[in-house]
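The values are calculated or read from the model by the stated rules, or taken from the named source; none is laboratory data. Small disclaimer: the values here were computed from a predicted structure and weren't measured. Positions of Cβ are generated from backbone atoms using ideal geometry, with glycine treated the same way; all protein chains shown enter the neighbour counts. The accessibility values were calculated without ligands, DNA or RNA, using every heavy atom of the protein model including side chains. Shrake-Rupley method; radii C 1.70, N 1.55, O 1.52, S 1.80 Å.
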Amino acid sequence: MFCKVVCFSIFGSIFLSLAHSQDEDAITKLQNAVLVLQHRVSVTEAQLEKTQTRLTQADVKLQQAEMNAAALKTQLAKEGKEIQRLKNSYTNNSGTTFVHWGRTSCPGTPSTTLVYSGAVGGTGYDTQGGAANYVCLHPNPQWNKYGTGGTSSGMYGTEYEQVDNLFGKKNAAKFNQNDIVCSVCHVASRSSQIMIPARRECQPGWTKEYEGYLMTSYESHAGKKLFTCVDENPEVARGSFEDKNGALMYRVIAQCGSLQCPNYVQGRELTCVVCTK
């Protein structure tokens, strides 16, 4: 009986000692595990903090980029307005003019507007001197000094002469001996103009303003005039039918010899076209 009691006591002590030892090991392991977890948590928190810092920096950069983009859009809008202003300024301060001989209106081409209409003037047909060009006279002259005396050169009205069938048989009487009208036209969107004799169409890339017939003074008359392109459907000044002469316009025909025929044909009236670009 004594042995049982003693033995039980000894074995119990040993068991308790072992159990206590195992608990301490377990606690130690748990503590170590906690330390490891705490370390990992600290590392993760540090990484999160860095990530948050980067995100904050990225947000700042994004906001800055958005502000820059908005500023660029504003600047682009301003530049666009300036470009449009310059285009408008260029359009309003550029272009070319031409005389629409034989008509009181301008052709209906884009950007073409009437400056004024009037009558064709020039030096008398039998005058030795004077000017060689026809001019489109304004209907309302403005005077400065006048009646000053001395030698001068005259400005005459201009009549159609012997156009016969040039504008059609039914119109021959209507145009012969009548005064010729004209209009000055401005083209805002084009800056060059040419008159091409012996053609009815413009070169590629050019705008056709009008076509007509080549006219000038009579070759035997003293007064020489420049070749002029008169519209194929001309008008006359109202109430102007009277053979007063003055400056005159005749049709122009091809004369073979030094002029290459073909392609030109003897005796044919020469056409013309006025073009802008």
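Taking LEU55 as meeting all but one of (1) at pLDDT 85 or above; (2) open to solvent by less than 80 Å² (accessible area, probe 1.4 Å); (3) out of contact with any helix residue (DSSP H, G or I) (no Cβ under 9 Å at 6 or more places or on another chain), write down the number of the exception.
Every listed condition holds for LEU55 apart from (2).
Within the stretch 243-277, count every residue that is free of Cβ contacts under 8 Å to residues at least 24 places away in the same chain and not in a loop (DSSP other than H, G, I, E, B).
Residues meeting the conditions: 3.
Go through the residues of the stretch 7-26 one by one and say whether even a single one is open to solvent by less than 100 Å² (accessible area, probe 1.4 Å), modelled with pLDDT under 85, over 30 Å from SER111 (Cβ atoms) and β-branched (Val, Ile, Thr).
Yes, the stretch 7-26 has at least one match.
Taking the stretch 223-277 on its own, how many of its residues are under 15 Å from GLU161 (Cβ atoms) and of a type in the set (Ser, Thr, Tyr)?
Residues in the stretch 223-277 being under 15 Å from GLU161 (Cβ atoms) and of a type in the set (Ser, Thr, Tyr): 3 in total.
Against the definition (of a type in the set (Lys, Arg), part of a loop (DSSP other than H, G, I, E, B), open to solvent by 40 Å² or more (accessible area, probe 1.4 Å) and out of contact with any helix residue (DSSP H, G or I) (no Cβ under 7 Å at 6 or more places or on another chain)), how does ARG190 come out, yes or no? Give the derivation first.
Numbers: of a type in the set (Lys, Arg): yes; part of a loop (DSSP other than H, G, I, E, B): yes; open to solvent by 40 Å² or more (accessible area, probe 1.4 Å): no; out of contact with any helix residue (DSSP H, G or I) (no Cβ under 7 Å at 6 or more places or on another chain): yes.
It is false that ARG190 is of a type in the set (Lys, Arg), part of a loop (DSSP other than H, G, I, E, B), open to solvent by 40 Å² or more (accessible area, probe 1.4 Å) and out of contact with any helix residue (DSSP H, G or I) (no Cβ under 7 Å at 6 or more places or on another chain).
State which residue pairs qualify: first residue part of a strand (DSSP E or B) and inside the stretch 217-239, second residue surrounded by fewer than 17 Cβ atoms within 10 Å (Cβ to Cβ) in any location, beta carbons under 8 Å apart, and separation of 6 or more residues or different chains.
From residues that are part of a strand (DSSP E or B), the pairs are CYS229/PRO197; VAL236/LYS174.
Within the stretch 198-214, can you find the residues that are under 19 Å from THR158 (Cβ atoms) and either in contact (Cβ under 8 Å) with a residue 60 or more places away in the chain or assigned to a loop (DSSP other than H, G, I, E, B) (or both)?
Hits for the stretch 198-214 are TYR210, GLY212.
Would you confirm, using the coordinates I've provided, whether ASP243 is more than 29 Å from the chain's Cα centre (by Cα), farther than 14 Å from CYS106 by Cβ, open to solvent by 80 Å² or more (accessible area, probe 1.4 Å) and at pLDDT below 95?
Values: more than 29 Å from the chain's Cα centre (by Cα): yes; farther than 14 Å from CYS106 by Cβ: yes; open to solvent by 80 Å² or more (accessible area, probe 1.4 Å): yes; at pLDDT below 95: yes.
Spelling it out, ASP243 is indeed more than 29 Å from the chain's Cα centre (by Cα), farther than 14 Å from CYS106 by Cβ, open to solvent by 80 Å² or more (accessible area, probe 1.4 Å) and at pLDDT below 95.
Within the stretch 78-91, identify whether any single residue is farther than 30 Å from THR207 by Cβ, out of contact with any strand residue (DSSP E or B) (no Cβ under 9 Å at 6 or more places or on another chain) and open to solvent by less than 90 Å² (accessible area, probe 1.4 Å), and answer yes or no.
yes
Sort out which residues of the stretch 103-143 are in a strand (DSSP E or B) and β-branched (Val, Ile, Thr), and write them in order of number.
Of everything in the stretch 103-143, those that are in a strand (DSSP E or B) and β-branched (Val, Ile, Thr) turn out to be THR112, THR113, VAL115, VAL120, VAL135.
If I filter the stretch 111-139 down to residues being surrounded by fewer than 19 Cβ atoms within 10 Å (Cβ to Cβ) and within 29 Å of the chain's Cα centre (by Cα), which single residue comes out as farthest from SER189 (Cα to Cα)?
If we take residues in the stretch 111-139 being surrounded by fewer than 19 Cβ atoms within 10 Å (Cβ to Cβ) and within 29 Å of the chain's Cα centre (by Cα), then TYR116 is farthest from SER189 (Cα to Cα).
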